[in-house]
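A.B. asks: Dumping the structure here so I can ask a few things about it.
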Amino acid sequence: MKRQLFTAALLGASMFTAPLMLNQSAAATRIQTIQLKDMEPNNLKPNMQALGAISPKNFLQIKGSVSRFDKTDVQYFPVLPGTKLFSFTLNARGASWGLYEDTNKNFQVDRADKLVLFNKNGSVQTSSGKRYLLRVNKSATSSSGSYSGSVYTQAVRRSVTVKVHSAKAISRFDAKIRFTKKDRADFFAELYRGNAKFPVSRTNKVNDNNSPTFSKVMSDSIAFDAKSLRYRIQLMDADAGFDDEANISPASSKSLFITYLPEKRQVLGPNGKVIGRSGQRITMQGNSGKRASITFSVNHIDR
Ligand SMILES: [Ca+2]
Ligand SMILES: [Ca+2]
Ligand SMILES: [Ca+2]
Ligand SMILES: [Ca+2]
């Protein structure tokens, strides 16, 4: 009976499928199930061996019991980077419970702490570095109590944005046609992951303009914990037949290879040296052939 109730509650909330389907980053990374066990003594402070970290990689299961001799259990959850929301479900019989934000970070439920949920399941907006304590108390009317439940998380979604602010033709891209501006370039930029064949994003195209500015920001959705991202920026001149690629790199290729390090907020150039920080405007230009320069900035956004 006990077990049936637990299973029915879990399936009813579709908790096994929700994190996989809603959550791109979590689906990309491996989801681990952590069992948060009721390890005594945990009456005032949680037993630290039962530590449960809430992160997009973890799916937490909680189980325990209280009795006449064990009136209270305290369980602890820190929130790891990359988590923006968690859904908390606890089914308790013969017991009442509260989920507290351990605001003063002393691993104890006290007055300074914020009561987040009380005998009621719900979603909690969170951010990395927050800590939570679950306190379960045996109800006065029952001789014993039990509880079981789970926590699933929704990950922060991170995207890298590359904004090409402007380009400048250094060479002539199109043939001169008298009384027209057709010899001016028709630029648009594209963003590729490393040596990928297809771009992840591109800018708008600006016709007949040797020094255009672009409105569309290019972006790429990435895993929250990605440390280093290699991109190739191409500047194209649209033509009636095959488009021309402008040389915008000081290295041997026409395209500009950059590496972005989200945590260090650094942008590395084709030679691996730091050429700027996130959000900063960087100008690079080509060294041979049909040359152009671009001014761009790289950043990342968490949602
Ligand atoms: Ca217990
Ligand atoms: Ca206890
Ligand atoms: Ca506290
Ligand atoms: Ca053209």
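Coordinate-derived values only; no laboratory data. As the structure is a prediction and not an experimental result, all values here were calculated from the model. Positions of Cβ are backbone-derived with ideal geometry, glycine not excepted, and every protein chain shown enters the neighbour counts.
A.B. asks: Go through segment 44-58 residue by residue and turn each phi into a ³J(HN,Hα) via Karplus (6.51, -1.76, 1.60, θ = phi - 60°); whole Hz please, and just put x for glycine and proline.
C.D. replies: So the Karplus estimates, Gly and Pro as x, are 10, 10, x, 6, 5, 5, 8, 4, x, 8, 8, 9, x, 8, 10 Hz.
A.B. asks: Taking amide H positions as placed in the peptide plane 1.01 Å from N, state which residues far from residue 279 in sequence (5 or more) or on other chains have amide H under 5 Å from it.
C.D. replies: Amide H neighbours of residue 279: 298, 299.
A.B. asks: Expressed as a whole number of Å, what is the distance separating the alpha-carbon centroids of segment 103-167 and segment 224-303?
C.D. replies: Segment 224-303 and segment 103-167 have Cα centres spaced 40 Å from each other.
A.B. asks: Expressed in nm to one decimal, what extension gain is obtained for the pair residue 159 and residue 44 from 0.36 nm per residue of sequence separation less their Cα-Cα distance?
C.D. replies: 37.2 nm
A.B. asks: So for 244, 302, fewest C-beta neighbours within 10 Å to most, what's the order?
C.D. replies: Neighbour counts put them in this order, fewest first: 302, 244.
A.B. asks: What are the equivalent ellipsoid semi-axes of segment 228-303, built from the alpha-carbon gyration tensor (square roots of five times its eigenvalues), in whole angstrom, biggest first?
C.D. replies: Calculated on Cα positions only, the semi-axes equal 24, 14, 10 Å.
A.B. asks: Please state the relative contact order of segment 213-292 as a whole percent: Cα pairs under 8 Å, 6+ residues apart?
C.D. replies: The normalised contact order for segment 213-292 reaches 26 percent.
A.B. asks: Assuming a ≥ b ≥ c are the square roots of the Cα gyration tensor eigenvalues, decide whether segment 181-287 counts as rounded (a/c under 1.5), prolate (otherwise, with a/b larger than b/c) or oblate.
C.D. replies: It is prolate, given that a/c is not under 1.5 and a/b is the larger ratio.
A.B. asks: Over all alpha-carbon pairs of segment 63-187, lay out the pair-distance distribution in 5 Å bins, whole %, shortest bin first.
C.D. replies: Taking all Cα pairs of segment 63-187, the binned fractions are 2, 9, 15, 14, 12, 7, 5, 3, 3, 3, 3, 4, 4, 4, 4, 3, 2, 1, 0, 0 percent.
A.B. asks: Right, another one. Which ³J(HN,Hα) values in Hz, rounded to whole numbers, follow from the phi angles of segment 159-168 under the Karplus curve 6.51 cos²θ - 1.76 cosθ + 1.60, where θ = phi - 60° and Gly and Pro get x?
C.D. replies: Couplings: 10, 8, 10, 10, 9, 8, 6, 7, 10, 9 Hz.
A.B. asks: Let me ask you something else. Within 10 Å of each candidate Cβ there may be at most 13 other Cβ atoms; applying that plus a DSSP loop requirement, which trypsin sites (Lys or Arg not before Pro) in segment 185-224 survive?
C.D. replies: 197
A.B. asks: Still on this model: Would you mind checking the pairs 197/290; 130/273; 45/227; 197/264 and listing those with alpha carbons more than 30 angstrom apart?
C.D. replies: 130/273; 45/227
A.B. asks: If each DSSP helix of 4+ residues adds -39,500 (n - 2.57) and the sum is divided by the residues in the chain, what number results at 222 nm, nearest 500 deg cm²/dmol?
C.D. replies: Only helices count here, giving -1500 deg cm²/dmol.
A.B. asks: Next up: Report, to the nearest 10°, how far helix 2-12 tilts away from the longest principal axis of the Cα atoms in the chain, using its own Cα long axis and a range of 0 to 90°.
C.D. replies: 30
A.B. asks: Order of 72, 153, 89 from fewest to most other C-beta atoms within 10 Å?
C.D. replies: With the fewest neighbours first, 72, 153, 89 line up as 72, 89, 153.
A.B. asks: Additional query: For a distance above 32 Å, tell me the whole-number percent of Cα pairs in the chain that qualify.
C.D. replies: Of the Cα pairs, 47 percent sit more than 32 Å apart.
A.B. asks: Between beta-carbons, use under 13 Å as the cut-off and find the net charge around residue 215, counting Lys and Arg +1, Asp and Glu -1.
C.D. replies: Summing Lys/Arg as +1 and Asp/Glu as -1 gives +4.
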